[in-house]
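S.K.: My structure is below; once you've seen it, I'll send some questions.
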Amino acid sequence: MKCVVTGGGGFLGLYIVEQLRERGDDVRAFCRSAYPRLDELGVETQRGDIRDADSVADACRDADVVFHTAAVPGVWGPWKTYYGINTVGTRNVIAGCRTHRVAKLVYTSSPSVVFDEKPHENVDETYPYPPDSSYLCHYPHSKAVAEREVLAANGEGLATVSLRPHLIWGPRDNHLVPRLIARAKSGRLRRVGDGTNRISMTYVENAAAAHVQAADALGENAACAGKAYFINEPEPVNLWEWIDELLQLADLPPVRKSISAKAAWRVGSVLESVYRLLRLPGEPPMTRFVASQLSSSHFYSTDGAVCDFGYKPLVSVEEGMRRLEPELKNMAQ
């Protein structure tokens with residue numbers, strides 16, 4: 001099978017590439033930069049910008065399936081950037097699939113597309129999108145617009161599916177875990193809320209496996225065609241206990257400082273205003289979105305993915321932590 005992975009050199013994208021190559025699929029990675037690991041895997045690499053429609057269309061040529069993982073994450077930055085990469089970039093992928101008659105498109109979304117500042121406990125795919133005006137940052141908004149367009153594109157020779165992996169973690173992570181460790185080392189990590197909130201998380205190899213499993217099941221009349229699915233480990237964990245476990249493996253002390261959810265929200269609101277008004281570089285140390293995410297429960301049902309395309313995690317949480325431990329210790333040095 002000829003596969004294209006946008007963002008193939010990124011955290012999740014690279015694991016998808018590895019799993020595809022392991023079973024013998026032909027892979028082309030569409031990336032902004034060169035990645036030695038892709039060369040080691042014998043992958044064809046095409047460099048380009050996801051916002052360049054012609055480059056994206058060219059990358060889709062001769063493909064049977066496109067895995068669209070390329071995106072800009074984060075909680076701060078201009079709408080133009082998020083919209084251009086996450087939304088317009090996705091439109092370019094859909095158009096490229098149409099141009100070259102690609103049969104399948106697997107899109108990487110996020111549970112944050114339905115985040116409405118309320119606790120989410122065992123939420124399934126029937127949970128609605130919030131109004132566009134209610135999103136607390138541009139990432140979930142831009143991803144939600146893109147997801148709706150991916151699902152609407154299902155049909156007429158192109159089968160589409162959207163996956164929403166939650167809190168992807170594991171070796172080679174360059175975003176979530178390194179930021180946690182950096183904050184802990186600097187003494188800036190504080191527990192937000194009462195510390196009882198539970199969350200879903202997804203070990204990166206399991207997130208990659210879900211993409212491959214969905215692609216294998218996807219087709220014009222497949223049960224998963226034109227639908228979105230939450231992807232995460234079967235059982236939620238206490239967020240702050242999990243963070244303390246990460247810190248322990250890194251030989252760092254547990255989180256001792258705390259701030260109430262309401263206070264964190266107020267601080268985030270003030271900092272957002274100050275950063276906008278003064279056009280400060282970087283991102284605020286706290287935002288309303290981060291305050292909500294760190295203090296509330298948000299865990300999701302994977303029953304739909306299990307039923308419709310046989311989602312099955314490959315690696316247990318315990319094994320994932322064992323594999324991550326050496327990197328945690330290196331980060332903490």
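S.K.: Among the candidates SER55, SER134, SER142, which residue alone is surrounded by fewer than 24 Cβ atoms within 10 Å (Cβ to Cβ) and more than 21 Å from VAL17 (Cβ to Cβ)?
M.R.: Numbers: SER55 fails: more than 21 Å from VAL17 (Cβ to Cβ); SER142 fails: surrounded by fewer than 24 Cβ atoms within 10 Å (Cβ to Cβ).
Answer to the selection: SER134.
S.K.: Of the residues ASP173, ASP194, only one is surrounded by fewer than 22 Cβ atoms within 10 Å (Cβ to Cβ), more than 25 Å from VAL102 (Cβ to Cβ) and over 20 Å from the mean Cα position of the chain (by Cα); which? Give the derivation first.
M.R.: Numbers: ASP173 fails: over 20 Å from the mean Cα position of the chain (by Cα).
Of the residues listed, the single one that is surrounded by fewer than 22 Cβ atoms within 10 Å (Cβ to Cβ), more than 25 Å from VAL102 (Cβ to Cβ) and over 20 Å from the mean Cα position of the chain (by Cα) is ASP194.
S.K.: Does ALA207 count as part of a helix (DSSP H, G or I), touching a strand residue (DSSP E or B) at 6+ places or on another chain (Cβ under 9 Å) and of a type outside the set (Asp, Glu)? If you could, list the steps in order and put the result at the bottom.
M.R.: Working: part of a helix (DSSP H, G or I): yes; touching a strand residue (DSSP E or B) at 6+ places or on another chain (Cβ under 9 Å): yes; of a type outside the set (Asp, Glu): yes.
The answer is yes for ALA207.
S.K.: Has the stretch 306-316 got at least one residue that is touching a residue at least 24 places away in the same chain (Cβ under 8 Å), under 20 Å from the mean Cα position of the chain (by Cα) and part of a helix (DSSP H, G or I)?
M.R.: Checked the stretch 306-316: at least one residue is touching a residue at least 24 places away in the same chain (Cβ under 8 Å), under 20 Å from the mean Cα position of the chain (by Cα) and part of a helix (DSSP H, G or I).
Residues checked against (1) at pLDDT below 95; (2) among the acidic types (Asp, Glu); (3) under 23 Å from PRO131 (Cβ atoms):
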{"position": "SER55", "(1), (2), (3)": "no, no, no"}
{"position": "ASP58", "(1), (2), (3)": "no, yes, no"}
{"position": "ASP64", "(1), (2), (3)": "no, yes, no"}
{"position": "ALA70", "(1), (2), (3)": "no, no, no"}
{"position": "VAL75", "(1), (2), (3)": "yes, no, yes"}
{"position": "TYR83", "(1), (2), (3)": "no, no, yes"}
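S.K.: Next question, about the same structure. Tell me yes or no: at least one residue of the stretch 132-151 is hydroxyl-bearing (Ser, Thr, Tyr), in contact with a Pro (Cβ under 8 Å, 6 or more places away or on another chain) and over 18 Å from TYR300 (Cα atoms). Spell out how you get there, then give the answer.
M.R.: So in the stretch 132-151, the residues hydroxyl-bearing (Ser, Thr, Tyr) come out as 133-135, 139, 142.
Within this subset, residues satisfying the condition of being in contact with a Pro (Cβ under 8 Å, 6 or more places away or on another chain) are 139.
Retained after the next criterion (residues that are over 18 Å from TYR300 (Cα atoms)): 139.
Yes, that holds for at least one residue.
S.K.: For ALA263, all conditions in the list (1) part of a helix (DSSP H, G or I); (2) within 24 Å of GLU318 (Cα to Cα); (3) of a type outside the set (D, E, K, R) hold save one; what is the number of the exception?
M.R.: Every listed condition holds for ALA263 apart from (2).
S.K.: Any idea how many residues of the stretch 137-171 are among the charged types (D, E, K, R), at pLDDT 95 or above and not in a helix (DSSP H, G or I)?
M.R.: Taking the stretch 137-171 and keeping what is among the charged types (D, E, K, R), we get 143, 147-149, 156, 164.
From what is left, the residues that are at pLDDT 95 or above are 143, 147-149, 164.
This time we only want the ones that are not in a helix (DSSP H, G or I), so: 164.
Residues meeting the conditions: 1.
S.K.: Then there is this: Cβ contacts < 9 Å: first residue closer than 23 Å to SER269 by Cβ, restricted to the stretch 75-92; second residue among the charged types (D, E, K, R) and part of a helix (DSSP H, G or I), any location; separation 6+ or different chain. Result?
M.R.: Filtered contacts from the stretch 75-92: TRP76/GLU272; TYR82/LYS143.
S.K.: Separate question: Hey, could you check the stretch 204-230 for residues that are buried (at least 24 other Cβ atoms within 10 Å of the Cβ) and not hydrophobic (A, V, I, L, M, F, W, C) and say which is farthest from VAL177 (Cα to Cα)?
M.R.: Across the stretch 204-230, the extreme among qualifying residues is TYR229.
S.K.: Suppose we filter the stretch 1-28 for residues that are closer than 16 Å to VAL56 by Cβ and either aliphatic (A, V, I, L, M) or assigned to a loop (DSSP other than H, G, I, E, B) (or both); how many remain?
M.R.: Adding up the residues that qualify gives 6.
S.K.: Hey, another quick one. Could you please find all residues in the stretch 259-282 being within 30 Å of TYR229 (Cα to Cα) and either of a type in the set (Asp, Glu) or touching a residue at least 60 places away in the same chain (Cβ under 8 Å) (or both)? Explain how you work it out, then say what you get.
M.R.: As a first pass, look at the stretch 259-282 and keep what is within 30 Å of TYR229 (Cα to Cα): 261, 265.
The one that is within 30 Å of TYR229 (Cα to Cα) and either of a type in the set (Asp, Glu) or touching a residue at least 60 places away in the same chain (Cβ under 8 Å) (or both): ALA261.
S.K.: Please verify whether the stretch 104-127 includes one or more residues that are assigned to a helix (DSSP H, G or I), modelled with pLDDT of 95 or more, of a type in the set (Ser, Thr, Tyr) and farther than 28 Å from GLY219 by Cα. Explain how you work it out, then say what you get.
M.R.: The initial filter retains those residues of the stretch 104-127 that are assigned to a helix (DSSP H, G or I), namely 111-114.
Okay, now just the ones that are also modelled with pLDDT of 95 or more, so 111-114.
Keeping just the survivors that are of a type in the set (Ser, Thr, Tyr) gives 112.
Retained after the next criterion (residues that are farther than 28 Å from GLY219 by Cα): none.
Scanning the stretch 104-127 turns up no residue that is assigned to a helix (DSSP H, G or I), modelled with pLDDT of 95 or more, of a type in the set (Ser, Thr, Tyr) and farther than 28 Å from GLY219 by Cα.
S.K.: Go through the stretch 1-28 and give me each residue that's of a type in the set (Gly, Ala, Ser) and closer than 19 Å to SER109 by Cβ.
M.R.: The first filter runs over the stretch 1-28 and keeps only residues of a type in the set (Gly, Ala, Ser), leaving 7-10, 13, 24.
Once the filter is applied, which keeps residues that are of a type in the set (Gly, Ala, Ser) and closer than 19 Å to SER109 by Cβ, the stretch 1-28 yields GLY7, GLY8, GLY10, GLY13.
S.K.: Which count do you get for residues in the stretch 38-76 that are in contact with a Lys or Arg (Cβ under 8 Å, 6 or more places away or on another chain), hydroxyl-bearing (Ser, Thr, Tyr) and more than 13 Å from ASP26 (Cα to Cα)?
M.R.: Result for the stretch 38-76: 0.
S.K.: Oh, and also: Quick check on this structure: which one of GLY89, GLY13, GLY9 is among the small types (Gly, Ala, Ser), within 19 Å of the chain's Cα centre (by Cα), at pLDDT below 95 and crowded, with 17+ Cβ neighbours inside 10 Å? Let's see the steps before the verdict.
M.R.: Working: GLY89 fails: at pLDDT below 95; GLY13 fails: at pLDDT below 95.
Unique residue meeting the criteria: GLY9.
S.K.: I'd like to verify a number: residues in the stretch 107-148 that are charged (D, E, K, R) and without any contact (Cβ under 8 Å) to a residue 60 or more places away in the chain, how many?
M.R.: Taking the stretch 107-148 and keeping what is charged (D, E, K, R), we get 116-118, 121, 124-125, 132, 143, 147-148.
Among the residues that remain, those that are also without any contact (Cβ under 8 Å) to a residue 60 or more places away in the chain are: 116, 132, 148.
The qualifying residues number 3.
The values are calculated or read from the model by the stated rules, or taken from the named source; none is laboratory data. Since the model is a prediction, treat every value here as computed from it, not as a measurement. When we count neighbours, we look across all protein chains shown, and the Cβ atoms used for this are built from the backbone with ideal geometry, even at glycine.
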